[in-house]
Amino acid sequence: MIIAKQEDGVKYVSEGTIVTPKGFKAAGVHAGLRYTKKDLGVIVCDVPASCAAVYTQNYFQAAPLKVTQESIAKEKKLQAIVVNSAYANACTGEQGLKDAYEMRAICAKKFRLEEHLVAVASTGVIGELLPMEKIHAGIEKLEPVETEEGAVDFQTAILTTDLVMKKACYETIIDGKKVTIGGAAKGSGMIHPNMATMLAFITTDANISSDTLQLALRSVTDVSFNQITVDGETSTNDMVVVMASGLAGNNELTVEHPEWPKFYKALQKTCEDLAKQIARDGEGATKLIEARVKGAVNDQEAKAIAKKIVGSNLVKTAVYGADANWGRIIGAIGHSEAQVNPDNVDIFIGPIQMLKASQPVPFSEEEAVNYLKQDTIVIDVDLHMGEGEGVAWGCDLTYDYVKINASYRT
């Protein structure tokens, strides 16, 4: 049974996936890039879809990103995205770029598409060339379907050190038509704005132009994927791609459309949901940390402070150890470069106030420890400086993070 929860005209669809929007199919197979797990996946749309994308800000952009940017620039349309895990195809020089183009060409031939309608994404170890024979054979095995099984196979194929699959789906009504947005993502380590070692693929059946979709994605990314951090590292392969089939049948969405806020909210919720799942699944993590800041001079400064809090190794280790050390939160706020009145800051850990007007408030250590043993920890900060608000998500820092990254290539 599909469970839907409605908020602001937007419903969360618990069993929805990337193939829930009309016109999309997906598949994932084991191509031999990893020992046993699925490692190659594809999303295919029935029609050339409007599209939008954002990419890593790392100077060393991997070859697949360059090929995808070229594909989108041709016509601002996509009809397929092919993705492999295990190999990032980053820092692989001219041969890596040739391999990314070949991967695109093989996928286009398999599904009888023009090459520029195919996007390419890779994730895994940096600096190793793709085993193209396995890639070729794997793509030939891909048979996309519009079932949950196809979506799960794709979601599995894109994972690296992730412990769980990440998906989200929301729907709303626009012009009397049901419009659905589905998403799948991977990301666990090297997670830090902007963006993270993450790939996110979003599908929608909304009727919307590529230019309008791009505006929406850039704005939404700033309050979702750009607000997560696991370890302060960024990657060479980060990318978020959205495809819109237009098959919902609504009138074309623009920012002037009277129901634009509902579509924007649905897209934001999808991205935010995926972002939080990435933060929660940080390498070795046991807890999700959410920092909510209000009272800043503006939203940008509030977001910056929230990111500082969830990105602080001292805050992260305190949360792991269930230590209600609010001094570490103050320390993070103090070097955020945002405007702060050091004499008037309030801090709550969960429901427990620790600081009021920058003065300690007596609290029960036992109650605080019990709260910090939960798997989701919320830190609230009020700066009393203005109307700015911002949220960021991160995770605790555990012994397992070191173990995982000390043996990543082995």
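Is at least one residue of region 252-263 assigned to a helix (DSSP H, G or I), in contact with a helix residue (DSSP H, G or I) (Cβ under 8 Å, 6 or more places away or on another chain), in contact (Cβ under 8 Å) with a residue 60 or more places away in the chain and open to solvent by less than 50 Å² (accessible area, probe 1.4 Å)? Yes; the residues of region 252-263 include at least one that is assigned to a helix (DSSP H, G or I), in contact with a helix residue (DSSP H, G or I) (Cβ under 8 Å, 6 or more places away or on another chain), in contact (Cβ under 8 Å) with a residue 60 or more places away in the chain and open to solvent by less than 50 Å² (accessible area, probe 1.4 Å). Checking the structure you have, find out if any residue of region 41-55 is in a loop (DSSP other than H, G, I, E, B), touching a helix residue (DSSP H, G or I) at 6+ places or on another chain (Cβ under 9 Å) and in contact (Cβ under 8 Å) with a residue 24 or more places away in the chain. Within region 41-55, none of the residues are in a loop (DSSP other than H, G, I, E, B), touching a helix residue (DSSP H, G or I) at 6+ places or on another chain (Cβ under 9 Å) and in contact (Cβ under 8 Å) with a residue 24 or more places away in the chain.
Let's see how each residue does on (1) touching an Asp or Glu at 6+ places or on another chain (Cβ under 8 Å); (2) modelled with pLDDT under 95; (3) of a type in the set (Phe, Trp, Tyr); (4) more than 19 Å from Glu146 (Cα to Cα):
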position	(1), (2), (3), (4)
Ala27	yes, no, no, no
Arg34	no, yes, no, yes
Ile72	no, no, no, yes
Tyr87	yes, yes, yes, yes
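Inside region 56-72, residues that are in a helix (DSSP H, G or I) and of a type in the set (Gly, Ala, Ser) make up a count of 2. The condition of being surrounded by fewer than 24 Cβ atoms within 10 Å (Cβ to Cβ), among the acidic types (Asp, Glu), in contact (Cβ under 8 Å) with a residue 24 or more places away in the chain and in contact with a strand residue (DSSP E or B) (Cβ under 8 Å, 6 or more places away or on another chain) holds for only one of Glu75, Glu70, that being Glu75. Scanning region 209-225 for residues that are small (Gly, Ala, Ser), modelled with pLDDT of 95 or more and open to solvent by less than 10 Å² (accessible area, probe 1.4 Å) turns up just one, Ala216.
Looking at Ala62, is it touching a Pro at 6+ places or on another chain (Cβ under 9 Å) and buried (at least 18 other Cβ atoms within 10 Å of the Cβ)? Judged against the criteria, Ala62 is not a match.
Scanning region 91-109 for residues that are in contact (Cβ under 8 Å) with a residue 24 or more places away in the chain, open to solvent by 20 Å² or more (accessible area, probe 1.4 Å) and within 15 Å of Glu133 (Cβ to Cβ) yields Gln95, Glu102. For the subset of region 72-86 comprising residues that are in contact with a Cys (Cβ under 9 Å, 6 or more places away or on another chain) and not β-branched (Val, Ile, Thr), which member is nearest to Leu33 (Cα to Cα)? Top of the filtered list is Ala80.
Each row is one residue, and each column tells you yes or no for (1) at pLDDT 95 or above; (2) in contact with a Leu (Cβ under 8 Å, 6 or more places away or on another chain).
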{"residue": "Asp323", "(1), (2)": "no, yes"}
{"residue": "Ala332", "(1), (2)": "no, yes"}
{"residue": "Glu337", "(1), (2)": "no, no"}
{"residue": "Gln353", "(1), (2)": "yes, no"}
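Just one residue in the set Ala27, Ala31 is in a loop (DSSP other than H, G, I, E, B) and open to solvent by less than 70 Å² (accessible area, probe 1.4 Å); that residue is Ala31. Among the residues of region 90-105, those that are within 20 Å of Lys141 (Cβ to Cβ) and touching an Asp or Glu at 6+ places or on another chain (Cβ under 8 Å) comprise Arg104, Ala105. So for region 226-233 (the condition being at pLDDT 90 or above and out of contact with any His (no Cβ under 6 Å at 6 or more places or on another chain)), does at least one residue qualify? Checked against the condition, which is being at pLDDT 90 or above and out of contact with any His (no Cβ under 6 Å at 6 or more places or on another chain), region 226-233 yields no hits at all. Limited to region 126-158, what total is found for residues that are open to solvent by 20 Å² or more (accessible area, probe 1.4 Å) and in contact (Cβ under 8 Å) with a residue 12 or more places away in the chain? Qualifying residue count, region 126-158: 20. Of everything listed in (1) of a type outside the set (A, V, I, L, M, F, W, C); (2) within 30 Å of Lys22 (Cα to Cα); (3) surrounded by fewer than 24 Cβ atoms within 10 Å (Cβ to Cβ), the single unmet condition for Thr123 is (3).
The values are calculated or read from the model by the stated rules, or taken from the named source; none is laboratory data. All values reported here derive from a predicted model rather than from experimental measurement. Please note: Cβ atoms are built from the backbone with ideal geometry, for glycine as well, and neighbour counts cover all protein chains shown. Just so you know, the surface numbers come from the protein's heavy atoms only, side chains and all, with ligands and any DNA or RNA stripped out. Shrake-Rupley method; radii C 1.70, N 1.55, O 1.52, S 1.80 Å.
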